[in-house]
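Visitor: Okay, here's the structure, questions in a sec.
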Amino acid sequence: EAGVVQSPRYKIIEKKQPVAFWCNPISGHNTLYWYLQNLGQGPELLIRYENEEAVDDSQLPKDRFSAERLKGVDSTLKIQPAELGDSAVYLCASSLAGPGSGANVLTFGAGSRLTVL
Amino acid sequence: AQSVTQPDIHITVSEGASLELRCNYSYGATPYLFWYVQSPGQGLQLLLKYFSGDTLVQGIKGFEAEFKRSQSSFNLRKPSVHWSDAAEYFCAVGALGDDKIIFGKGTRLHILP
């Protein structure tokens, strides 16, 4: 079984440029998460989807970040324009069910490392 | 608000020695607890989880963890570490009816030959 697939693995851009990250979750996993991981820190939730609905986007900086999960499968996270402080790893994870359900074991992708110059 | 504390930023042990990584959580209800491991340049891999029942849980790669409600702790242990265990370890907490999984800041494990 394929795991959570993310691309690109690495991206270097100049500030004020746009960038997009793509995630393909494990087949059948209804819940999809985007996490931000700064250097030396634990993952912090940006947005959670249940199927195609964003059910928790309270931590997503909506002035520059956007996300979508059309058809409830693949997801894209976009930053426009990028700032120096956005340099981090963007992790995608998926699970069969949402948090607190007892079945919410997250499977993570390898992450997309963004460097903003 | 729920929170997770991993008091040790770095831990160094010799290969073959025993290991204990500490995790304390703050949450009003019965938590779900997880330990994940992250190797350099990789995503997080689940080592083990506690949802209910036996408070001593076994995981992959020879790891185990014990849930102690009275101490609000979920420490990770391994009797004998291998050089390949060098990585970053994250404790995480969720709960029935809650909609967030909170991660600690991680403990980086270094192995001496």
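Visitor: Got the relative contact order for chain B handy, in percent, Cα pairs under 8 Å and 6 or more residues apart?
Guide: For chain B, the relative contact order is 37 percent.
Visitor: For chain B, set up a GNM with springs between Cα atoms under 10 Å and report which of B:Leu21, B:Leu47, B:Leu56 has the largest fluctuation.
Guide: B:Leu56
Visitor: Regarding the protein assembly as shown, what is the average projected area of its C-alpha convex hull, in nm²?
Guide: For the Cα atoms of the protein assembly as shown, the hull's average projected area reads 12.7 nm².
Visitor: In addition: Just check the stretch B:63-109 against the gyration tensor rule for me: Cα atoms, a ≥ b ≥ c as the square roots of the eigenvalues, rounded for a/c under 1.5, and otherwise prolate or oblate depending on whether a/b exceeds b/c.
Guide: Here the stretch B:63-109 falls in the oblate category.
Visitor: Determine the gain in length on full extension of the stretch B:Ile60-B:Ser14; use 0.36 nm per residue of separation and subtract their C-alpha separation, reporting nm with one decimal.
Guide: Contour length minus Cα-Cα distance gives 14.5 nm.
Visitor: Moving on to the next point. Can you flag which of A:Lys11/B:Lys49; A:Lys11/A:Lys71; B:Lys49/B:Lys105 are past 23 Å Cα-Cα?
Guide: From the list (A:Lys11/B:Lys49; A:Lys11/A:Lys71; B:Lys49/B:Lys105), the Cα-Cα distance tops 23 Å for A:Lys11/B:Lys49; A:Lys11/A:Lys71.
Visitor: Percent relative contact order of chain A, based on C-alpha pairs within less than 8 angstrom and at least six residues apart?
Guide: Relative contact order of chain A: 37 percent.
Visitor: Right, another one. Can you give the accessible area of A:Ile26 in Å² (nearest 10), computed on protein heavy atoms with a 1.4 Å probe?
Guide: The value for A:Ile26 is about 10 Å².
Visitor: Can I ask one more? Write down Rg/Rh for chain A, rounded to two decimals, with Rg from the C-alpha atoms and Rh from the Kirkwood relation over Cα pairs.
Guide: Answer for chain A: 0.95.
Visitor: Now for a different question. By the scheme Lys and Arg +1, Asp and Glu -1, what is the net charge of all other residues having a beta-carbon under 12 Å from that of B:Leu33?
Guide: Around B:Leu33, the charge tally is +2.
Visitor: Need one word for chain B: rounded, prolate or oblate. Basis is the Cα gyration tensor (sqrt eigenvalues a ≥ b ≥ c); a/c below 1.5 gives rounded, then a/b vs b/c decides.
Guide: prolate
Visitor: Please give me the summed charge of the neighbours of A:Leu77: other residues whose Cβ is under 14 Å from its Cβ, Lys and Arg +1, Asp and Glu -1.
Guide: +2
Visitor: On to the next question. Whose amide H sits under 5 Å from the amide H of A:Val5, counting only residues 5 or more places off or on another chain, with H placed in the peptide plane?
Guide: Residues meeting the amide H criterion: A:Asn24.
The values are calculated or read from the model by the stated rules, or taken from the named source; none is laboratory data. Predicted model, so just to flag it, every value in this text is computed and none were measured. Glycine also receives a Cβ, built like all others from the backbone with ideal geometry; neighbour counts cover every protein chain displayed. Side chains included, ligands, DNA and RNA excluded: accessible areas come from the protein's heavy atoms. Shrake-Rupley method; radii C 1.70, N 1.55, O 1.52, S 1.80 Å.
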